[in-house]
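Trainee: Have a look at this one.
The values are calculated or read from the model by the stated rules, or taken from the named source; none is laboratory data. If you're wondering where the values come from, they're calculated on a predicted model, not measured in any experiment. Glycine also receives a Cβ, built like all others from the backbone with ideal geometry; neighbour counts cover every protein chain displayed.
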Amino acid sequence: RNLKMYFPIFSGLLRRHSGDVKAVDNVSFDIFEGETLGLVGESGCGKSTVGRALLRLYTPTAGNVVIDGDDVATLSAEALRQKRPTMQMVFQDPQASLNPRMTVAAIIGEPLDEHSGLPTAEKLERVYTLMDQVGLNRRFANRYPHEFSGGQRQRIGIARALALNPKFIVCDEPIAALDVSIQAQVVNLLEDLQDRLGLTYLFISHDLSMVRHIADRVAVMYLGQIAEISPRDDLYADPLHPYAEALLSAVPEPDPNREGRRTRIILKGDVPSPANPPKGCNFCTRCPKVMPICHDLEPVLTEARPGRFVACHLVTPPQTTRAG
Ligand code: SF4
Ligand code: MG
């Protein structure tokens, strides 16, 4: 709720605080148990920062992150340590997130050392079970990360994330670094694990076709804010926010013969700096449907249709926004 993640900018000889990069600027959304919420947007829009702030890998500048009744944003260090096992992350680059000097068994078992207090034999048994779950051969337990392919390394990263039986996993571009030929395998594994283990995912990706495949609902971010959150099918069939419309116009239609295909919308200009976002609607400098009011008044994310939340004066005119 009202999540903000600002990074201070220091400048000049005296390194004075001269402003903030507003990486995440007042973002509110829900993730329901057992669902996959897709989080999409161009690189630099704040998606990964949201994911990290949810897991308190960053301490938010402001706002609340309530997971199962605990406000992760404000938990004490010790309470956070106890909460940690329930919320985990799968990283984009399995190569960079795995210690090259540790064996696979040690990598997957590391969270167990810190949190479970299991005796060695049981720990190894747990590691084997995790390897089975992600489709890694147990015989490779004593090998090192460089002996595996990119897809297998991502399986190691997923096994490690599962070690402590989490309920919520942030998947931050989990397939972006993988060959296209194995991306689907990893996504299928994530879906399969979700069904078997009852996991809840935030799936961060710039791959809109993959998000269409895996997500139940999708949030579209632009310049640190959420433009629209809608059920997947509604969003892809009929995006309501002009930015969502432009973003999705670039996605190839699964059935190219279908009537009413969207034409590609090319946005003019560049994304403004998050250190100096425009006044009013943050999309006003590039929006094809911009109106005078957009330069003055910031639109509020509002439920425009049942289950569909949009921040745009065109969709929810300001008088409705105020009354509602
Ligand atoms: Fe475009 Fe105005 Fe809607 Fe912003 S509020 S998306 S500028 S129409
Ligand atoms: Mg699913």
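Trainee: Going by the conditions given, is residue 100 touching a helix residue (DSSP H, G or I) at 6+ places or on another chain (Cβ under 8 Å), over 30 Å from residue 247 (Cα atoms) and assigned to a helix (DSSP H, G or I)? Spell out how you get there, then give the answer.
Mentor: Values: touching a helix residue (DSSP H, G or I) at 6+ places or on another chain (Cβ under 8 Å): yes; over 30 Å from residue 247 (Cα atoms): yes; assigned to a helix (DSSP H, G or I): no.
No, not satisfied.
Trainee: Hey, another quick one. Which of the residues spanning segment 54-83 are touching a residue at least 40 places away in the same chain (Cβ under 8 Å) and in a helix (DSSP H, G or I)?
Mentor: 54 - this is the single residue of segment 54-83 that is touching a residue at least 40 places away in the same chain (Cβ under 8 Å) and in a helix (DSSP H, G or I).
Trainee: Right, another one. Which of (1) on the phi < 0 side of the Ramachandran plot; (2) at pLDDT 95 or above; (3) of a type in the set (Gly, Ala, Ser) is the odd one out, the single condition residue 116 does not satisfy?
Mentor: Among (1) on the phi < 0 side of the Ramachandran plot; (2) at pLDDT 95 or above; (3) of a type in the set (Gly, Ala, Ser), residue 116 violates only (2).
Trainee: Would you say residue 212 is closer than 24 Å to residue 239 by Cβ and surrounded by fewer than 23 Cβ atoms within 10 Å (Cβ to Cβ)? Don't jump to the end; show me each part of the working.
Mentor: Numbers: closer than 24 Å to residue 239 by Cβ: yes; surrounded by fewer than 23 Cβ atoms within 10 Å (Cβ to Cβ): yes.
Spelling it out, residue 212 is indeed closer than 24 Å to residue 239 by Cβ and surrounded by fewer than 23 Cβ atoms within 10 Å (Cβ to Cβ).
One line per residue, one yes/no per condition, for (1) surrounded by fewer than 19 Cβ atoms within 10 Å (Cβ to Cβ); (2) in contact with a strand residue (DSSP E or B) (Cβ under 9 Å, 6 or more places away or on another chain); (3) over 14 Å from residue 94 (Cα atoms); (4) touching a residue at least 40 places away in the same chain (Cβ under 8 Å):
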{"position": "165", "(1), (2), (3), (4)": "yes, no, yes, yes"}
{"position": "169", "(1), (2), (3), (4)": "no, yes, yes, yes"}
{"position": "173", "(1), (2), (3), (4)": "no, yes, no, yes"}
{"position": "184", "(1), (2), (3), (4)": "yes, no, yes, no"}
{"position": "189", "(1), (2), (3), (4)": "yes, no, yes, yes"}
{"position": "198", "(1), (2), (3), (4)": "yes, no, yes, yes"}
{"position": "203", "(1), (2), (3), (4)": "no, yes, yes, yes"}
{"position": "206", "(1), (2), (3), (4)": "yes, yes, yes, yes"}
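Trainee: Residues in segment 230-244: is at least one buried (at least 22 other Cβ atoms within 10 Å of the Cβ) and away from ligand 1 (no atom under 13 Å from the Cβ)?
Mentor: Yes, segment 230-244 contains a residue that is buried (at least 22 other Cβ atoms within 10 Å of the Cβ) and away from ligand 1 (no atom under 13 Å from the Cβ).
Trainee: Restricting attention to segment 52-85, report how many residues are crowded, with 16+ Cβ neighbours inside 10 Å and within 18 Å of residue 21 (Cα to Cα).
Mentor: 6
Trainee: On to the next question. Working carefully through the options 175, 169, find the one that is under 27 Å from residue 63 (Cα atoms) and of a type in the set (A, V, I, L, M).
Mentor: Details: 175 fails: under 27 Å from residue 63 (Cα atoms).
Exactly one residue qualifies, and that residue is 169.
Trainee: List every residue pair whose Cβ atoms sit under 6 Å apart, with the two residues 6 or more apart in sequence or on different chains, where the first one lies in segment 118-139 and is over 23 Å from residue 188 (Cα atoms) and the second, anywhere, is in a helix (DSSP H, G or I).
Mentor: That search, which allows pairs on different chains as well, returns 118/112; 123/109; 123/112.
Trainee: Checking residue 108 against (1) in contact with a Lys or Arg (Cβ under 6 Å, 6 or more places away or on another chain); (2) not in a helix (DSSP H, G or I): exactly one of these is not met. Which one?
Mentor: Tallying (1) in contact with a Lys or Arg (Cβ under 6 Å, 6 or more places away or on another chain); (2) not in a helix (DSSP H, G or I), residue 108 fails exactly one: (2).
Trainee: Which of the residues belonging to segment 86-95 are buried (at least 19 other Cβ atoms within 10 Å of the Cβ), at pLDDT 95 or above and not hydrophobic (A, V, I, L, M, F, W, C)?
Mentor: Scanning segment 86-95 gives a single hit, 88.
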